[in-house]
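Okay, structure first, notes after.
The values are calculated or read from the model by the stated rules, or taken from the named source; none is laboratory data. Just so we're clear, the structure is a prediction, and the values are computed from it rather than from any experiment. All Cβ positions, even for glycine, are placed from backbone atoms using ideal geometry, and neighbour counts span all protein chains on display. Note: areas computed on protein heavy atoms with side chains; ligands, DNA, RNA excluded. Shrake-Rupley method; radii C 1.70, N 1.55, O 1.52, S 1.80 Å.
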Amino acid sequence: EIFYYKEENLNSTYAFKKEDFDNLRSTHGNMLVNFIRAVRIDEQLFQEMMLTGDSGRKQDLIDELVELINENVNKQFNEFYPQERVSLVARIENNILRFFVKGTSGNISISERSNGLKWYFNLFITILSNNIRNENVLFVIDEPGVYLHVDAQKELRRLFYNLPFNYQILYSTHS
């Protein structure tokens, strides 16, 4: 399988209407769909969480989402990202989903974090969402270190070396 990593970002904020779920990918992009797959929440439950008016049910689904993020993303991400210990945090108010990154400075909107951290998060979520962990994969990545500071560029080789599946990497760089 060939996997081309097209750079996309998880947005800080998503607002939902019922019709958005008819074609989630076209209304909110691939990264939100990748996030839903990476955390392993059922799309119907995600839709219910975003649209229900039943506050008790909504909170139950939010609690489930928080557990799934911690179990399926945060725990593994900190092995993947060696720069600092961080957690992806989702907040839901009414029909609005917001993403934050919690680190040593507290919760900061994902859009306000460094391009390097966002690059790592997006690559990691994309890998998880495509379930390529048990496949033989050829990664094709253009300029993987363009947003990374020098130390993070050095860590990039370690990141690829420690991926838990069989792969080959083809990437171009000016570094």
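What the table shows:
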quantity	calculated
With eigenvalues of the C-alpha gyration tensor scaled by 5 and rooted, the chain, Å	29, 18, 15
Long-range tail of P(r) for the stretch 24-96 (Cα pairs > 18 Å, %)	43 percent
Per residue, in Å², the accessible surface of the stretch 29-96 once ligands and nucleic acids are set aside, probe 1.4 Å	49 Å²
Helix 115-129 axis, angle to the chain major axis (alpha carbon atoms, nearest 10°)	70 degrees
Cα gyration tensor shape for the stretch 90-134, rounded if a/c is under 1.5, else prolate or oblate	oblate
Accessible area (Å², 1.4 Å probe, nearest 10) - Leu10	10 Å²
Share of alpha-carbon pairs per 5 Å distance bin for the stretch 65-143, given as whole %	3, 12, 23, 26, 18, 11, 5, 2, 0
Of all accessible heavy-atom area on the chain, the percent that carbon and sulfur account for (1.4 Å)	43 percent
Range in the chain, longest, excluding exposed trypsin sites (Lys or Arg not before Pro) [loop by DSSP; at most 14 other beta-carbon atoms within 10 Å]	86-132
DSSP-defined antiparallel bridges as percent of all bridges, the chain, nearest 5	60 percent
Value of [θ]222 nm, deg cm²/dmol, for the chain, DSSP H segments ≥ 4, -39500 (n - 2.57) each, nearest 500	-12000 deg cm²/dmol
Members of Lys18/Lys102; Lys118/Lys154; Lys18/Lys118; Lys75/Lys102 lying beyond 21 Å, as alpha-carbon distances in this model show	Lys18/Lys102; Lys18/Lys118
Heavy atoms of Val33: accessible area, 1.4 Å probe, square angstrom to 10	10 Å²
